[in-house]
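This report concerns only the one structure given below.
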Amino acid sequence: MTTPEGKLKAYLVKRSRELGLYAYKLSFENRRGAPDWMVCGNGRLCFIELKTSSGALSAAQKKVLSELGSSSGCKVWVCRSEVQIDGALGGLCYV
């Protein structure tokens, strides 16, 4: 059986494809705290961290997500449900 976070990952990838978006799994070399995903399409980009309903962000994740949000001009999302994933992806679909 898939983990709760694995189910969210599968949903993110599936919805991205359905919407014509591109989802890329992220990791930063020699640095902790990278968001799980970068999703782009229609000239827009966002970063998504997937967490279960009880999952907490680490200090490193909070720092990196804050840096990305303030310095990149991109939206940064922490998604804990399919509804939140839809909200994050919806912002990339409308120009």
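The values are calculated or read from the model by the stated rules, or taken from the named source; none is laboratory data. None of the values given here were measured: they were computed from a predicted structure. Backbone-built Cβ (ideal geometry, glycine too); neighbour counts: all protein chains shown. Only protein heavy atoms, including side chains, enter the accessible area calculation; ligands, DNA and RNA are left aside. Shrake-Rupley method; radii C 1.70, N 1.55, O 1.52, S 1.80 Å.
Quick notes on this one:
- Solvent-accessible heavy-atom area per residue, rounded to whole Å², over the chain at 1.4 Å: 62
- Taken one residue at a time, the phi angles of region 43-53 give Karplus couplings (6.51, -1.76, 1.60, θ = phi - 60°) of x, 10, 8, 9, 10, 10, 9, 9, 9, 6, 4 Hz. Gly and Pro are set to x.
- Paramagnetic label zone (point 7 Å from Cα along Cα-to-C-beta, S58; backbone N under 14 Å) in region 2-31: 27-31
- Shown for the chain: lysine pairs separated by 8 or more places, or found on different chains, whose C-alpha atoms are under 22 Å apart, numbering 18.
- Rolling a 1.4 Å probe over the protein heavy atoms of region 42-95, with every protein chain left in place, gives an accessible area that is 55 percent carbon and sulfur.
- Candidate values [x] 14.4; [y] 13.5; [z] 15.4 were compared with Kirkwood radius over Cα pairs in Å computed on the shown model; the agreeing label is [y].
- The chain, helix-only ellipticity at 222 nm - DSSP H runs n ≥ 4, -39,500 (n - 2.57), divided by all residues, nearest 500: -14000 deg cm²/dmol
- Across region 19-28, coupling constants 3J(HN,Hα) worked out from phi with the 6.51/-1.76/1.60 Karplus curve, θ = phi - 60°, read 8, x, 9, 10, 10, 10, 6, 10, 7, 9 Hz, and Gly and Pro carry x.
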